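Here is the structure we will look at, set down as C-alpha coordinates.
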Amino acid sequence: MLSNLNIHSLPEIERRSPTTGPLMDVDAASAFIASVVKPSGVAVPTVLMINLEGRFPSAPVIYELVVGLGRAVQSRSHGELALVFATPDPALGAVIRAIAQSQGLSLFLANSANELETAEPIGLLTAADLETLAVLQRIGGRASASTLAQAASLDHKAAGNRLNSLDQRQLVLRVDRARRQGHMYLDPRVATQAEEPSDPASSEFGLPAELRSDISALAAMQGREPAAVLAEAFNEFLEKHSGEMAKDLAEVAKMMQAGDKKGVAAYTSRHAARRARTQSKR
Amino acid sequence: MPGACHKGSFVCDAGHELRITSRCLRADLKYEPPRDFDQLADAHEIVDAFRVKRDVYPDGGKTVGPANGDLTLYRLAKGDDHRGATWFDARVGVVWLCAERFHRSGTANDAFPYFHALIKSRQIWPTREDYEWLELDRAERLAERLPEAAQELLAHARANPNQEHRAVIGQGQVGVVVEIVETLEETYVAFSVASIGDPTRVIALLAAFYPGRDFGEWQYRNRLPTRPLVPGELCRSIFHA
(Lines give C-alpha, C1' and ligand atoms only; values in the text may rest on other atoms or scores of the structure.)
Protein backbone atom coordinates (compact mmCIF):
# COMPACT_ATOMS: atom_id res chain seq x y z
CA MET A 1 0.00 0.00 0.00
CA LEU A 2 1.24 3.46 -0.79
CA SER A 3 2.21 5.65 2.12
CA ASN A 4 0.31 8.91 2.40
CA LEU A 5 3.70 10.51 1.84
CA ASN A 6 4.35 9.17 -1.64
CA ILE A 7 1.07 9.33 -3.48
CA HIS A 8 2.13 12.13 -5.85
CA SER A 9 5.39 13.52 -7.10
CA LEU A 10 6.37 17.17 -7.13
CA PRO A 11 8.00 19.10 -9.95
CA GLU A 12 11.77 19.03 -9.97
CA ILE A 13 13.82 22.20 -9.83
CA GLU A 14 16.89 22.92 -11.90
CA ARG A 15 18.86 25.94 -10.73
CA ARG A 16 21.10 27.59 -13.31
CA SER A 17 23.18 30.75 -13.13
CA PRO A 18 25.11 32.81 -15.63
CA THR A 19 28.67 33.61 -14.48
CA THR A 20 28.91 36.06 -11.58
CA GLY A 21 29.61 39.77 -11.98
CA PRO A 22 28.68 42.11 -14.82
CA LEU A 23 26.90 40.47 -17.77
CA MET A 24 27.42 42.57 -20.89
CA ASP A 25 27.72 40.05 -23.70
CA VAL A 26 24.44 39.25 -25.52
CA ASP A 27 26.05 36.37 -27.42
CA ALA A 28 27.12 34.83 -24.13
CA ALA A 29 23.53 35.19 -22.87
CA SER A 30 22.26 33.41 -26.00
CA ALA A 31 24.80 30.64 -25.48
CA PHE A 32 23.67 30.37 -21.85
CA ILE A 33 20.03 30.01 -22.98
CA ALA A 34 21.04 27.29 -25.45
CA SER A 35 22.92 25.49 -22.67
CA VAL A 36 19.95 25.42 -20.29
CA VAL A 37 17.07 24.79 -22.71
CA LYS A 38 17.90 21.63 -24.60
CA PRO A 39 15.95 20.56 -27.70
CA SER A 40 15.28 17.19 -26.03
CA GLY A 41 13.22 19.00 -23.37
CA VAL A 42 12.38 17.63 -19.93
CA ALA A 43 10.96 14.23 -19.08
CA VAL A 44 9.20 15.25 -15.86
CA PRO A 45 7.55 18.52 -14.77
CA THR A 46 10.47 20.81 -14.13
CA VAL A 47 11.05 24.34 -12.86
CA LEU A 48 13.96 26.18 -14.41
CA MET A 49 15.24 28.75 -11.93
CA ILE A 50 17.65 31.35 -13.27
CA ASN A 51 19.60 32.70 -10.33
CA LEU A 52 20.69 36.29 -10.91
CA GLU A 53 22.01 36.88 -7.36
CA GLY A 54 25.43 38.50 -7.65
CA ARG A 55 24.90 39.03 -11.41
CA PHE A 56 24.58 42.46 -12.98
CA PRO A 57 23.13 42.13 -16.48
CA SER A 58 23.09 45.01 -18.95
CA ALA A 59 19.71 45.97 -20.48
CA PRO A 60 20.28 43.97 -23.73
CA VAL A 61 21.39 40.93 -21.73
CA ILE A 62 18.42 40.91 -19.36
CA TYR A 63 16.10 41.40 -22.34
CA GLU A 64 17.72 38.45 -24.10
CA LEU A 65 17.47 36.26 -21.00
CA VAL A 66 13.83 37.05 -20.21
CA VAL A 67 12.53 37.02 -23.78
CA GLY A 68 14.75 34.19 -25.04
CA LEU A 69 14.04 31.88 -22.14
CA GLY A 70 10.42 33.02 -21.74
CA ARG A 71 9.60 32.27 -25.37
CA ALA A 72 11.46 28.97 -25.34
CA VAL A 73 9.55 27.82 -22.27
CA GLN A 74 6.20 29.16 -23.42
CA SER A 75 6.54 27.44 -26.81
CA ARG A 76 5.80 24.22 -24.86
CA SER A 77 8.16 22.37 -27.15
CA HIS A 78 10.44 21.49 -24.23
CA GLY A 79 7.83 19.68 -22.16
CA GLU A 80 6.31 20.69 -18.85
CA LEU A 81 8.74 23.43 -17.97
CA ALA A 82 8.12 26.60 -15.90
CA LEU A 83 10.48 29.57 -15.64
CA VAL A 84 11.53 31.48 -12.50
CA PHE A 85 14.01 34.34 -12.24
CA ALA A 86 15.60 34.95 -8.84
CA THR A 87 17.05 38.31 -7.87
CA PRO A 88 17.21 40.23 -4.59
CA ASP A 89 17.60 43.49 -6.56
CA PRO A 90 14.21 45.30 -6.69
CA ALA A 91 15.27 47.41 -9.70
CA LEU A 92 16.23 44.33 -11.72
CA GLY A 93 12.99 42.68 -10.62
CA ALA A 94 11.02 45.67 -11.90
CA VAL A 95 12.81 45.44 -15.27
CA ILE A 96 12.03 41.70 -15.54
CA ARG A 97 8.38 42.41 -14.68
CA ALA A 98 8.17 45.14 -17.34
CA ILE A 99 9.76 42.96 -20.04
CA ALA A 100 7.46 40.04 -19.26
CA GLN A 101 4.41 42.31 -19.35
CA SER A 102 5.36 44.03 -22.60
CA GLN A 103 6.25 40.77 -24.35
CA GLY A 104 3.20 38.83 -23.19
CA LEU A 105 5.27 36.31 -21.25
CA SER A 106 4.17 34.61 -18.05
CA LEU A 107 6.72 33.49 -15.49
CA PHE A 108 7.68 33.77 -11.82
CA LEU A 109 9.97 36.14 -9.96
CA ALA A 110 11.63 35.17 -6.65
CA ASN A 111 13.66 37.25 -4.19
CA SER A 112 16.34 34.60 -3.98
CA ALA A 113 17.17 31.14 -5.29
CA ASN A 114 16.00 29.70 -1.97
CA GLU A 115 12.63 31.43 -1.91
CA LEU A 116 10.78 29.62 -4.64
CA GLU A 117 7.69 29.09 -2.49
CA THR A 118 7.10 32.85 -2.27
CA ALA A 119 7.82 33.59 -5.95
CA GLU A 120 5.43 36.04 -7.56
CA PRO A 121 3.67 35.20 -10.84
CA ILE A 122 4.34 37.99 -13.34
CA GLY A 123 3.36 38.92 -16.91
CA LEU A 124 -0.11 39.16 -18.38
CA LEU A 125 -2.26 37.77 -15.60
CA THR A 126 -5.94 38.24 -14.91
CA ALA A 127 -7.52 38.43 -11.47
CA ALA A 128 -8.87 34.89 -12.05
CA ASP A 129 -5.34 33.64 -12.84
CA LEU A 130 -3.99 35.11 -9.63
CA GLU A 131 -6.87 33.74 -7.59
CA THR A 132 -6.44 30.26 -9.08
CA LEU A 133 -2.70 30.23 -8.35
CA ALA A 134 -3.33 31.43 -4.78
CA VAL A 135 -5.89 28.66 -4.18
CA LEU A 136 -3.60 26.06 -5.73
CA GLN A 137 -0.75 27.17 -3.49
CA ARG A 138 -3.01 27.16 -0.40
CA ILE A 139 -4.06 23.55 -0.94
CA GLY A 140 -0.50 22.29 -1.23
CA GLY A 141 0.38 23.03 -4.85
CA ARG A 142 -1.28 20.01 -6.43
CA ALA A 143 -4.83 19.71 -7.66
CA SER A 144 -7.05 18.16 -10.26
CA ALA A 145 -9.88 20.26 -11.72
CA SER A 146 -12.34 18.70 -9.29
CA THR A 147 -10.09 19.42 -6.26
CA LEU A 148 -9.70 23.02 -7.37
CA ALA A 149 -13.42 23.34 -8.03
CA GLN A 150 -14.12 22.24 -4.48
CA ALA A 151 -11.46 24.47 -2.93
CA ALA A 152 -12.41 27.59 -4.90
CA SER A 153 -16.18 27.01 -4.92
CA LEU A 154 -16.25 26.86 -8.72
CA ASP A 155 -18.06 24.50 -11.01
CA HIS A 156 -15.91 21.72 -12.45
CA LYS A 157 -15.82 23.16 -15.98
CA ALA A 158 -14.77 26.63 -14.83
CA ALA A 159 -12.01 25.13 -12.68
CA GLY A 160 -10.82 23.05 -15.65
CA ASN A 161 -10.80 26.11 -17.91
CA ARG A 162 -8.83 28.13 -15.41
CA LEU A 163 -6.20 25.42 -14.98
CA ASN A 164 -6.01 24.88 -18.72
CA SER A 165 -5.46 28.58 -19.30
CA LEU A 166 -2.59 28.63 -16.78
CA ASP A 167 -1.17 25.45 -18.27
CA GLN A 168 -1.09 27.01 -21.76
CA ARG A 169 1.26 29.66 -20.37
CA GLN A 170 3.30 27.21 -18.26
CA LEU A 171 2.21 28.87 -15.02
CA VAL A 172 1.14 25.45 -13.82
CA LEU A 173 2.63 22.11 -14.86
CA ARG A 174 0.36 19.33 -16.01
CA VAL A 175 0.71 15.64 -15.20
CA ASP A 176 -1.37 13.57 -17.61
CA ARG A 177 -3.49 10.91 -15.94
CA ALA A 178 -6.32 8.63 -16.95
CA ARG A 179 -9.58 10.40 -17.85
CA ARG A 180 -11.31 8.87 -14.84
CA GLN A 181 -8.81 10.53 -12.46
CA GLY A 182 -8.41 13.78 -14.42
CA HIS A 183 -5.09 15.54 -15.06
CA MET A 184 -3.09 16.72 -12.07
CA TYR A 185 -1.84 20.32 -12.11
CA LEU A 186 1.22 21.35 -10.12
CA ASP A 187 2.14 24.80 -8.85
CA PRO A 188 5.79 25.32 -9.90
CA ARG A 189 6.45 26.92 -6.50
CA VAL A 190 6.32 23.55 -4.73
CA ALA A 191 9.17 22.15 -6.84
CA THR A 192 11.97 20.32 -5.04
CA GLN A 193 15.55 19.52 -5.93
CA ALA A 194 15.77 16.50 -8.20
CA GLU A 195 17.25 13.60 -6.26
CA GLU A 196 18.42 10.11 -6.90
CA PRO A 197 15.59 7.65 -6.26
CA SER A 198 15.70 5.04 -3.50
CA ASP A 199 18.42 6.80 -1.57
CA PRO A 200 17.93 6.49 2.17
CA ALA A 201 21.01 8.58 2.76
CA SER A 202 20.37 12.23 2.09
CA SER A 203 22.16 14.81 4.21
CA GLU A 204 18.94 16.79 4.34
CA PHE A 205 16.44 14.20 5.33
CA GLY A 206 18.06 10.82 5.71
CA LEU A 207 15.11 9.31 3.92
CA PRO A 208 14.38 7.73 0.58
CA ALA A 209 14.14 10.52 -1.95
CA GLU A 210 10.70 9.46 -3.08
CA LEU A 211 9.43 10.31 0.41
CA ARG A 212 11.57 13.38 0.93
CA SER A 213 10.16 15.35 -1.96
CA ASP A 214 6.65 15.05 -0.57
CA ILE A 215 7.42 16.00 2.99
CA SER A 216 7.37 19.76 2.56
CA ALA A 217 4.09 19.65 0.65
CA LEU A 218 2.48 17.29 3.14
CA ALA A 219 3.64 19.43 6.06
CA ALA A 220 2.17 22.52 4.38
CA MET A 221 -1.14 20.76 3.78
CA GLN A 222 -1.30 19.54 7.37
CA GLY A 223 -0.15 22.86 8.81
CA ARG A 224 2.75 21.13 10.60
CA GLU A 225 6.46 21.67 10.71
CA PRO A 226 8.38 19.74 8.02
CA ALA A 227 10.77 18.46 10.73
CA ALA A 228 7.88 16.75 12.58
CA VAL A 229 6.60 15.16 9.38
CA LEU A 230 10.15 14.13 8.56
CA ALA A 231 10.58 12.33 11.89
CA GLU A 232 7.27 10.55 11.37
CA ALA A 233 8.29 9.48 7.89
CA PHE A 234 11.72 8.33 9.12
CA ASN A 235 10.00 6.22 11.75
CA GLU A 236 7.66 4.84 9.10
CA PHE A 237 10.72 3.87 7.07
CA LEU A 238 12.29 2.04 10.04
CA GLU A 239 9.03 0.19 10.73
CA LYS A 240 8.50 -0.74 7.12
CA HIS A 241 11.98 -2.24 6.93
CA SER A 242 12.03 -3.69 10.45
CA GLY A 243 13.11 -7.14 9.23
CA GLU A 244 16.14 -5.71 7.46
CA MET A 245 16.87 -3.40 10.41
CA ALA A 246 16.78 -6.33 12.85
CA LYS A 247 19.27 -8.25 10.73
CA ASP A 248 21.55 -5.23 10.43
CA LEU A 249 21.40 -4.50 14.16
CA ALA A 250 22.44 -8.06 15.00
CA GLU A 251 25.41 -7.84 12.60
CA VAL A 252 26.52 -4.42 13.83
CA ALA A 253 26.23 -5.54 17.46
CA LYS A 254 28.51 -8.51 16.68
CA MET A 255 31.04 -6.15 15.08
CA MET A 256 30.99 -3.89 18.12
CA GLN A 257 31.41 -6.78 20.52
CA ALA A 258 34.38 -7.97 18.46
CA GLY A 259 35.88 -4.45 18.41
CA ASP A 260 35.56 -4.34 14.62
CA LYS A 261 35.48 -0.56 14.17
CA LYS A 262 36.30 -0.83 10.47
CA GLY A 263 33.28 -3.07 9.99
CA VAL A 264 31.03 -0.57 11.77
CA ALA A 265 32.45 2.29 9.68
CA ALA A 266 31.87 0.30 6.49
CA TYR A 267 28.26 -0.34 7.53
CA THR A 268 27.43 3.29 8.34
CA SER A 269 29.15 4.50 5.17
CA ARG A 270 27.42 2.07 2.83
CA HIS A 271 25.46 4.99 1.33
CA ALA A 272 28.49 7.34 1.26
CA ALA A 273 28.72 7.49 -2.52
CA ARG A 274 25.06 8.28 -2.94
CA ARG A 275 25.10 10.83 -0.16
CA ALA A 276 28.16 12.45 -1.73
CA ARG A 277 26.44 12.63 -5.09
CA THR A 278 23.48 14.43 -3.52
CA GLN A 279 25.65 16.75 -1.46
CA SER A 280 27.77 17.81 -4.42
CA LYS A 281 24.71 19.04 -6.34
CA ARG A 282 24.17 22.76 -5.97
CA MET B 1 43.87 24.33 21.85
CA PRO B 2 40.15 24.05 21.05
CA GLY B 3 38.97 21.51 18.51
CA ALA B 4 40.79 18.42 17.29
CA CYS B 5 42.14 16.96 14.07
CA HIS B 6 40.60 13.76 12.79
CA LYS B 7 41.61 12.34 9.40
CA GLY B 8 40.90 15.06 6.79
CA SER B 9 39.00 17.31 9.21
CA PHE B 10 39.66 19.78 11.94
CA VAL B 11 36.60 19.34 14.19
CA CYS B 12 35.83 22.67 15.84
CA ASP B 13 34.26 22.99 19.26
CA ALA B 14 31.57 25.17 17.67
CA GLY B 15 30.33 22.04 15.88
CA HIS B 16 31.48 22.59 12.30
CA GLU B 17 34.46 20.99 10.56
CA LEU B 18 37.26 22.48 8.47
CA ARG B 19 38.39 20.57 5.37
CA ILE B 20 40.46 21.18 2.26
CA THR B 21 39.09 20.37 -1.17
CA SER B 22 40.90 17.77 -3.24
CA ARG B 23 41.40 20.30 -6.03
CA CYS B 24 43.10 22.71 -3.60
CA LEU B 25 45.24 19.90 -2.19
CA ARG B 26 46.42 18.72 -5.60
CA ALA B 27 46.75 21.95 -7.54
CA ASP B 28 47.54 24.55 -4.86
CA LEU B 29 49.20 22.73 -1.95
CA LYS B 30 50.72 19.95 -4.09
CA TYR B 31 49.53 16.94 -2.10
CA GLU B 32 47.73 13.90 -3.34
CA PRO B 33 44.48 13.53 -1.36
CA PRO B 34 43.22 12.22 0.96
CA ARG B 35 45.53 13.83 3.45
CA ASP B 36 45.26 14.19 7.24
CA PHE B 37 44.54 17.73 8.38
CA ASP B 38 47.19 17.76 11.12
CA GLN B 39 50.01 17.07 8.62
CA LEU B 40 48.96 20.10 6.58
CA ALA B 41 48.35 22.55 9.42
CA ASP B 42 52.01 22.43 10.38
CA ALA B 43 53.29 22.52 6.81
CA HIS B 44 51.30 25.41 5.34
CA GLU B 45 50.76 28.87 6.76
CA ILE B 46 47.38 29.24 5.04
CA VAL B 47 46.12 25.99 6.60
CA ASP B 48 47.22 27.21 10.00
CA ALA B 49 45.36 30.51 9.35
CA PHE B 50 42.34 28.51 8.20
CA ARG B 51 42.27 26.67 11.53
CA VAL B 52 42.70 29.82 13.59
CA LYS B 53 40.29 32.08 11.68
CA ARG B 54 37.45 29.72 10.85
CA ASP B 55 37.46 27.86 14.16
CA VAL B 56 34.67 29.87 15.79
CA TYR B 57 32.97 31.66 12.89
CA PRO B 58 32.62 29.59 9.72
CA ASP B 59 32.50 32.61 7.42
CA GLY B 60 32.61 36.41 7.42
CA GLY B 61 34.93 39.19 6.35
CA LYS B 62 35.55 40.19 2.76
CA THR B 63 34.14 38.08 -0.03
CA VAL B 64 36.02 36.62 -2.98
CA GLY B 65 34.04 37.95 -5.94
CA PRO B 66 30.51 39.25 -5.42
CA ALA B 67 28.23 37.80 -2.74
CA ASN B 68 26.47 34.81 -4.24
CA GLY B 69 23.89 33.63 -1.73
CA ASP B 70 24.72 30.24 -0.27
CA LEU B 71 27.71 29.93 -2.61
CA THR B 72 29.52 33.05 -1.35
CA LEU B 73 33.26 32.55 -0.91
CA TYR B 74 35.22 34.39 1.76
CA ARG B 75 38.75 35.66 1.78
CA LEU B 76 41.36 34.15 4.06
CA ALA B 77 44.66 36.00 4.57
CA LYS B 78 47.94 35.13 6.22
CA GLY B 79 50.41 38.04 6.33
CA ASP B 80 51.01 39.90 3.09
CA ASP B 81 51.73 36.90 0.93
CA HIS B 82 49.17 34.15 1.36
CA ARG B 83 45.53 34.25 0.33
CA GLY B 84 42.84 31.61 0.43
CA ALA B 85 39.16 31.28 -0.49
CA THR B 86 36.82 29.49 1.91
CA TRP B 87 33.23 28.37 1.54
CA PHE B 88 30.87 27.27 4.32
CA ASP B 89 28.53 24.48 3.28
CA ALA B 90 25.90 24.80 6.02
CA ARG B 91 24.03 21.72 4.76
CA VAL B 92 26.84 19.48 5.92
CA GLY B 93 28.47 21.78 8.50
CA VAL B 94 31.83 22.03 6.76
CA VAL B 95 34.01 25.04 5.93
CA TRP B 96 36.07 24.17 2.88
CA LEU B 97 39.39 25.72 2.00
CA CYS B 98 38.72 25.87 -1.73
CA ALA B 99 41.85 27.59 -3.08
CA GLU B 100 45.20 29.01 -2.00
CA ARG B 101 47.78 31.11 -3.81
CA PHE B 102 50.56 33.61 -3.34
CA HIS B 103 49.33 37.19 -3.35
CA ARG B 104 51.10 40.13 -4.97
CA SER B 105 48.78 42.66 -6.59
CA GLY B 106 49.38 43.22 -10.27
CA THR B 107 51.54 40.15 -10.82
CA ALA B 108 50.56 37.50 -13.34
CA ASN B 109 50.25 34.78 -10.71
CA ASP B 110 48.33 36.80 -8.12
CA ALA B 111 45.78 34.87 -6.07
CA PHE B 112 42.64 36.81 -6.95
CA PRO B 113 42.56 36.47 -10.76
CA TYR B 114 43.24 32.76 -10.15
CA PHE B 115 40.32 32.52 -7.68
CA HIS B 116 38.01 34.37 -10.09
CA ALA B 117 38.93 32.01 -12.94
CA LEU B 118 38.12 29.03 -10.69
CA ILE B 119 34.76 30.59 -9.78
CA LYS B 120 33.97 31.26 -13.43
CA SER B 121 34.74 27.67 -14.40
CA ARG B 122 32.87 26.45 -11.26
CA GLN B 123 35.90 24.39 -10.25
CA ILE B 124 36.35 26.17 -6.94
CA TRP B 125 33.63 24.40 -4.97
CA PRO B 126 34.04 20.88 -3.53
CA THR B 127 33.20 17.92 -5.70
CA ARG B 128 31.64 14.51 -5.20
CA GLU B 129 35.07 13.13 -4.35
CA ASP B 130 35.36 15.63 -1.48
CA TYR B 131 31.95 14.73 -0.07
CA GLU B 132 32.68 11.05 -0.34
CA TRP B 133 35.85 11.44 1.72
CA LEU B 134 33.90 13.53 4.20
CA GLU B 135 31.31 10.76 4.57
CA LEU B 136 33.97 8.08 5.00
CA ASP B 137 35.85 10.11 7.60
CA ARG B 138 32.64 10.76 9.51
CA ALA B 139 31.70 7.08 9.45
CA GLU B 140 35.13 6.21 10.82
CA ARG B 141 34.83 8.84 13.55
CA LEU B 142 31.43 7.49 14.59
CA ALA B 143 32.75 3.93 14.64
CA GLU B 144 35.69 5.01 16.79
CA ARG B 145 33.37 6.68 19.34
CA LEU B 146 30.82 3.87 19.47
CA PRO B 147 30.07 1.94 21.59
CA GLU B 148 32.13 3.65 24.31
CA ALA B 149 30.32 6.99 23.98
CA ALA B 150 26.92 5.31 24.18
CA GLN B 151 27.92 3.23 27.19
CA GLU B 152 29.35 6.29 28.93
CA LEU B 153 26.10 8.18 28.36
CA LEU B 154 24.07 5.21 29.56
CA ALA B 155 26.17 4.95 32.73
CA HIS B 156 25.51 8.65 33.51
CA ALA B 157 21.80 8.16 32.91
CA ARG B 158 21.70 5.10 35.16
CA ALA B 159 23.55 6.93 37.91
CA ASN B 160 21.00 9.75 37.76
CA PRO B 161 17.70 8.20 36.65
CA ASN B 162 14.64 10.15 35.50
CA GLN B 163 16.82 12.96 34.15
CA GLU B 164 17.86 13.57 30.58
CA HIS B 165 21.57 13.24 29.78
CA ARG B 166 22.87 14.47 26.45
CA ALA B 167 26.05 13.95 24.44
CA VAL B 168 27.23 14.51 20.88
CA ILE B 169 27.61 11.14 19.17
CA GLY B 170 28.43 11.30 15.49
CA GLN B 171 26.90 14.37 13.87
CA GLY B 172 24.23 15.17 16.41
CA GLN B 173 23.17 15.25 20.01
CA VAL B 174 21.65 12.18 21.59
CA GLY B 175 19.50 12.40 24.71
CA VAL B 176 19.07 9.48 27.10
CA VAL B 177 16.71 9.03 30.05
CA VAL B 178 16.67 5.92 32.25
CA GLU B 179 13.39 5.44 34.05
CA ILE B 180 13.23 2.86 36.85
CA VAL B 181 9.92 1.30 37.81
CA GLU B 182 10.35 -1.23 40.64
CA THR B 183 12.81 -3.80 39.23
CA LEU B 184 12.40 -2.78 35.59
CA GLU B 185 14.53 -0.21 33.90
CA GLU B 186 13.39 1.52 30.71
CA THR B 187 15.97 3.37 28.62
CA TYR B 188 14.77 6.12 26.28
CA VAL B 189 17.05 7.28 23.47
CA ALA B 190 16.12 10.44 21.53
CA PHE B 191 17.93 11.88 18.53
CA SER B 192 17.36 14.37 15.72
CA VAL B 193 16.50 12.69 12.46
CA ALA B 194 18.06 15.48 10.40
CA SER B 195 21.43 15.26 12.16
CA ILE B 196 21.60 11.47 12.32
CA GLY B 197 20.76 11.51 8.64
CA ASP B 198 20.76 7.81 7.78
CA PRO B 199 19.00 4.69 9.07
CA THR B 200 22.33 2.83 9.30
CA ARG B 201 23.45 5.30 11.97
CA VAL B 202 20.25 4.70 13.96
CA ILE B 203 21.00 0.99 13.89
CA ALA B 204 24.60 1.54 14.97
CA LEU B 205 23.45 3.84 17.76
CA LEU B 206 20.87 1.40 19.13
CA ALA B 207 23.33 -1.49 18.89
CA ALA B 208 25.87 0.55 20.84
CA PHE B 209 23.47 0.98 23.77
CA TYR B 210 22.26 -2.63 23.99
CA PRO B 211 24.28 -4.87 21.66
CA GLY B 212 22.53 -8.08 22.73
CA ARG B 213 19.01 -6.92 22.00
CA ASP B 214 16.78 -7.22 18.96
CA PHE B 215 15.59 -4.24 16.90
CA GLY B 216 11.99 -5.27 17.59
CA GLU B 217 12.51 -4.70 21.32
CA TRP B 218 13.09 -0.99 20.73
CA GLN B 219 9.65 0.59 20.97
CA TYR B 220 8.62 3.81 19.29
CA ARG B 221 7.88 6.58 21.84
CA ASN B 222 6.25 9.91 21.12
CA ARG B 223 7.88 11.65 24.09
CA LEU B 224 10.64 11.32 26.65
CA PRO B 225 9.45 10.83 30.26
CA THR B 226 10.91 14.26 31.02
CA ARG B 227 9.65 16.32 28.07
CA PRO B 228 7.80 16.22 24.74
CA LEU B 229 9.96 15.63 21.67
CA VAL B 230 10.97 18.67 19.64
CA PRO B 231 9.94 18.64 15.95
CA GLY B 232 12.30 16.38 14.00
CA GLU B 233 13.25 14.29 17.01
CA LEU B 234 12.64 10.57 17.21
CA CYS B 235 12.60 8.45 20.35
CA ARG B 236 12.85 4.70 20.99
CA SER B 237 12.88 2.92 24.30
CA ILE B 238 13.80 -0.53 25.55
CA PHE B 239 13.07 -2.43 28.78
CA HIS B 240 15.91 -3.93 30.77
CA ALA B 241 15.49 -6.19 33.79
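General observations
- Filter result (of a type in the set (S, T, Y) and farther than 25 Å from A:G123 by Cβ) within the range A:148-189: A:S153
- Inter-residue pairs, beta-carbon under 6 Å, first crowded, with 17+ Cβ neighbours inside 10 Å and in the range A:131-147, second aromatic (F, W, Y), 6+ apart: A:A143/A:Y185
- Boolean, B:E100 is farther than 24 Å from A:L249 by Cβ and surrounded by fewer than 23 Cβ atoms within 10 Å (Cβ to Cβ): no
- Among the candidates A:S35, A:S30, A:S40, A:S77, residue that is at pLDDT below 95, in a helix (DSSP H, G or I) and under 21 Å from A:A191 (Cβ atoms): A:S35
- Residues satisfying the stated conditions in the range A:90-113, i.e. surrounded by 14 or more Cβ atoms within 10 Å (Cβ to Cβ) and assigned to a loop (DSSP other than H, G, I, E, B): A:Q103, A:L105, A:S106, A:N111, A:S112, A:A113
- Residue within the range B:50-72 that is within 22 Å of A:G21 (Cβ to Cβ), touching a helix residue (DSSP H, G or I) at 6+ places or on another chain (Cβ under 8 Å) and surrounded by 14 or more Cβ atoms within 10 Å (Cβ to Cβ) present: yes
- Residues being more than 17 Å from B:Q163 (Cβ to Cβ) and among the basic types (K, R) - total across the range B:206-234: 1
- Hits in the range B:164-199 - residues which are crowded, with 16+ Cβ neighbours inside 10 Å, acidic (D, E) and either in the same structural domain as B:A14 (by TED's automatic domain parsing) or at pLDDT below 85 (or both): B:D198
- Residues being assigned to a loop (DSSP other than H, G, I, E, B) and within 24 Å of B:D13 (Cα to Cα) - total across the range B:139-184: 5
- Options B:A159, B:A194: the member that is of a type in the set (A, V, I, L, M) and in contact with a helix residue (DSSP H, G or I) (Cβ under 9 Å, 6 or more places away or on another chain): B:A194
- Count of the range B:104-127 residues which are out of contact with any Phe, Trp or Tyr (no Cβ under 7 Å at 6 or more places or on another chain), surrounded by fewer than 22 Cβ atoms within 10 Å (Cβ to Cβ) and touching a residue at least 24 places away in the same chain (Cβ under 8 Å): 4
- Qualifying residue in the range B:128-138 (condition: without any contact (Cβ under 8 Å) to a residue 24 or more places away in the chain and part of a loop (DSSP other than H, G, I, E, B)): no
- Some residue of the range A:188-195 being within 29 Å of B:E132 (Cβ to Cβ) and either modelled with pLDDT of 85 or more or facing chain B (nearest Cβ under 9 Å) (or both): no
- Candidates A:G41, A:G104 - the one that is farther than 20 Å from A:L136 by Cα and touching a strand residue (DSSP E or B) at 6+ places or on another chain (Cβ under 8 Å): A:G41
- Residues satisfying the stated conditions in the range B:213-241, i.e. assigned to a loop (DSSP other than H, G, I, E, B) and within 7 Å of chain A (Cβ to nearest Cβ): B:D214, B:P231, B:G232
- Checking each residue in the range A:178-187 for being in contact (Cβ under 8 Å) with a residue 24 or more places away in the chain and of a type outside the set (F, W, Y) picks out A:Q181, A:G182, A:H183, A:M184, A:L186, A:D187.
The values are calculated or read from the model by the stated rules, or taken from the named source; none is laboratory data. Treat the numbers as computed from the prediction; the structure is a model and nothing was measured. A quick note on method: Cβ atoms are made from the backbone with ideal geometry, for glycine too, and the neighbour counts reach across all protein chains shown.
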